[in-house]
Amino acid sequence: MKCPEKYIAYMHEYLDEEISKEDALELKAHLIKCGDCHRHFQELEKSLALVKSVAHISAPDDFTMRVMNALPKEKKKVGVQRWFRQHPMLTAASLFIVLMMGSLLSTWNTEKALSVSKQPNLVIDHDTVIVPEGEVVKGDVVVRNGSLRVEGQIDGNATVINGENYMASAGQVTGDVEEINAIFEWIWYHMKNTAKEVVNFFEDKENAEEQSLGVAVFL
Amino acid sequence: MDAIIKKRIKQVLKGDQNAYAEIVELYKDKVYQLCYRMLGNRHEAEDMAQEAFIRAYVNIASFNIELKFSTWLYRIATNLCIDRIRKKKPDYYLDAEVSGTDGLTMYSQIPSDTRLPEDEVENMELQDIIQREISNLPEKYRSVIVLKYIEELSLNEISEILDMPLGTVKTRIHRGREALRHQLRNV
Ligand SMILES: [Zn+2]
């Protein structure tokens, strides 16, 4: 018995769940009275049930590890970035050491001339910087390769690098007084400044991110 | 899950390789299963599945984050398996040990496309018989049948994975089903 091809097509439409109601009813009616088509349909369903019955197998236990080990090596830059993110405190120190050490050491070695912060009422006598009696110097005073004699008043910090600080009895410094004479102190002084800058930098960045997040939320 | 995957992909794109491990964990079984059903050999399946994940990693910048990652990954894996089937040399893994066969090599195994004597068929596990018959399907029917009935994907997704019109996918599934009917009706 030779049946119209359309019944086979209907079977596949049925299996794809794309058969129309009318065609489904027509197929059903045909399968009831046609043994060949009925068998054909059952064989299709049986073979699919067998295929679907195969146990799902899992990848070997070490699969992920082996994939990860086989990946091309991560770009150096990224590894360093992640390390920085995970170690913010060490980052400040290493940033300082890597970027500043070279220029810093050469600065220490080559700068022999007296230099001083520029306030108009400071008096310079040879290698000594004098804050005259009765004068008030506004702002921080930094003397490099020379000494500082305070007879009047400094309205700020006084820092003497590679020199000495003499405080007259009437002299007055409202801020911190610091003498830096050894190279380690010199480095430490810069490191503290660098750390402050790094912290400020990260804080600024965080603030900026928070702000952009805020914007995103309102958008 | 899509949100997690997107997040991990963005981390990978920024260069955080470790984020990729989670992606592998999520999809390894599906990709391995796909490769195994396509190739019928655990060694080859593991090789191809690993290769698929490595290629996906290397090319992740070309993945459109707005699309479904699994579709893209399955496409890579399916193409690798199809290539492997097409240029499969008969001596592939000839000397390699076949897992679970205690030191047997392919020299003592039966090539998948030759018929087994009846008594040996009876001794085979049903699972192995079904896998053998999937392996006996021509490659163009095998991929659609595996994606549809083992990975349980929609016809639309299969059409995307195989980069093939929906009509072609349907035709191949119909023919694949007819081929399976012939092969499995006496099981
Ligand atoms: Zn009929």
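The values are calculated or read from the model by the stated rules, or taken from the named source; none is laboratory data. Because the structure is a prediction, the values reported are computed rather than measured. Neighbour counts run over all protein chains shown; Cβ positions are idealised from the backbone, glycine included. When the accessible area is computed, the model is the full protein with side chains, heavy atoms only, and any ligands, DNA or RNA have been set aside. Shrake-Rupley method; radii C 1.70, N 1.55, O 1.52, S 1.80 Å.
What's the Cα-based Rg to Rh of segment B:114-186, Rh via Kirkwood? The partial results should precede the final answer.
On the way: Rg = 13.7 Å, Rh = 13.1 Å.
Dividing the radius of gyration by the Kirkwood radius yields 1.05.
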Original post:
In what sequence, highest mean first, do B:171-183, A:170-182 appear when ranked by Cβ atoms within 10 angstrom?
Top reply: B:171-183, A:170-182
Original post:
Given Cα pairs under 8 Å that are at least 6 residues apart, what percent is the relative contact order of segment A:130-203?
Top reply: 24 percent
Subject >> Bridge type composition, segment A:130-203 - antiparallel percent by DSSP, nearest 5 >> reply: 0 percent
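How large is the dipole of segment A:5-49 about the Cα centre if only Lys and Arg carry +1 and Asp and Glu carry -1, each at its Cβ, rounded to the nearest 20 debye?
Numbers: 6 positive and 11 negative charges, 58 e Å.
Dipole of segment A:5-49, to the nearest 20 debye: 280 debye.
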Original post:
When Lys and Arg each count +1 and Asp and Glu each count -1, what net charge do the other residues less than 11 Å away from A:P132, Cβ to Cβ, add up to?
Top reply: -3
**OP:** Take peptides B:152-165, A:10-23 and line them up by average Cβ neighbours within 10 Å, highest first, as a rough protection proxy.
**Re:** B:152-165, A:10-23
Original post:
Given a 1.4 Å probe and every protein chain left where it sits, what share in percent of the accessible area of segment A:1-53 is carbon and sulfur?
Top reply: 53 percent
Original post:
By how many nm would the segment from A:D61 to A:K138 grow when fully extended, if each residue of separation counts as 0.36 nm and the alpha-carbon distance is taken off?
Top reply: 20.6 nm
Subject >> Pairs from B:K28/B:K88; B:K28/B:K68; A:K118/A:K138; A:K6/A:K28 whose Cα-Cα separation, in the structure shown, is over 18 Å >> reply: B:K28/B:K88
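Mind giving me the FRET efficiency for A:D127 and B:M1? R0 is 56 Å, r the Cβ-Cβ distance, nearest 0.05 is fine. Mind showing how you got there, number by number?
Numbers: r = 73 Å, r/R0 = 1.30.
According to the calculation, E is roughly 0.15.
Mind giving me the FRET efficiency for A:E22 and A:H87? R0 is 51 Å, r the Cβ-Cβ distance, nearest 0.05 is fine.
Details: r = 71 Å, r/R0 = 1.40.
With a Förster radius of 51 Å, E is 0.10.
Which length gain, in nm to one decimal place, applies between A:I32 and A:E45 when the Cα-Cα distance is subtracted from 0.36 nm times their residue separation? Provide the component values of the computation, followed by the final result.
Working: separation 13, 0.36 × 13 = 4.68 nm, distance 1.62 nm.
Result for the pair: 3.1 nm of gain on full extension.
For the peptides B:5-17, B:65-77, what is the packing order when you average, over each peptide's residues, the other Cβ atoms within 10 Å and list the highest mean first?
Taking the mean over residues of other Cβ atoms within 10 Å, the ranking is B:65-77, B:5-17.
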Original post:
Counting Lys +1, Arg +1, Asp -1, Glu -1, what net charge surrounds A:H38 among other residues with beta carbon under 13 Å of its beta carbon?
Top reply: +1
Original post:
Projected onto the charge dipole of segment A:130-203 (+1 at Lys/Arg Cβ, -1 at Asp/Glu Cβ, origin at the Cα centre), which of A:N193, A:A168, A:G134 gives the Cα projection farthest towards the positive end?
Top reply: A:N193
**OP:** Just check segment A:130-203 against the gyration tensor rule for me: Cα atoms, a ≥ b ≥ c as the square roots of the eigenvalues, rounded for a/c under 1.5, and otherwise prolate or oblate depending on whether a/b exceeds b/c.
**Re:** oblate
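Please state the shape class of segment B:1-90: rounded when a/c is under 1.5, otherwise prolate if a/b exceeds b/c and oblate if not, all from the C-alpha gyration tensor.
Values: a/c = 2.23, a/b = 2.07, b/c = 1.08.
Verdict is prolate for segment B:1-90.
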**OP:** Count the net charge of all other residues whose Cβ sits under 15 Å from the Cβ of B:E25, scoring Lys and Arg as +1 and Asp and Glu as -1.
**Re:** +1
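Residues of A:58-70, mean number of Cβ from any other protein chain within 10 Å of their own Cβ, rounded to a whole number?
Details: counts 5, 15, 8, 0, 1, 10, 10, 2, 4, 14, 8, 1, 5.
The mean count of partner-chain Cβ atoms within 10 Å per residue comes to 6.
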**OP:** Using R₀ = 45 Å, calculate the FRET efficiency as 1/(1 + (r/R₀)^6) where r is the Cβ-Cβ separation of A:K192 and B:I60; round to 0.05.
**Re:** 0.60
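Chains A and B: what accessible area do they bury, summed, in square angstrom to the nearest 100, with a 1.4 Å probe? Walk me through the numbers before you get to the answer.
On the way: alone 16220 and 11370 Å², together 23840 Å².
Using a 1.4 Å probe, the pair buries roughly 3800 Å².
Other chains' Cβ within 10 Å of B:171-178 residues: what's the mean? Present the calculation step by step, with values, prior to reporting the outcome.
Working: counts 1, 0, 3, 8, 1, 2, 10, 7.
Per-residue shielding by partner chains comes out at 4.
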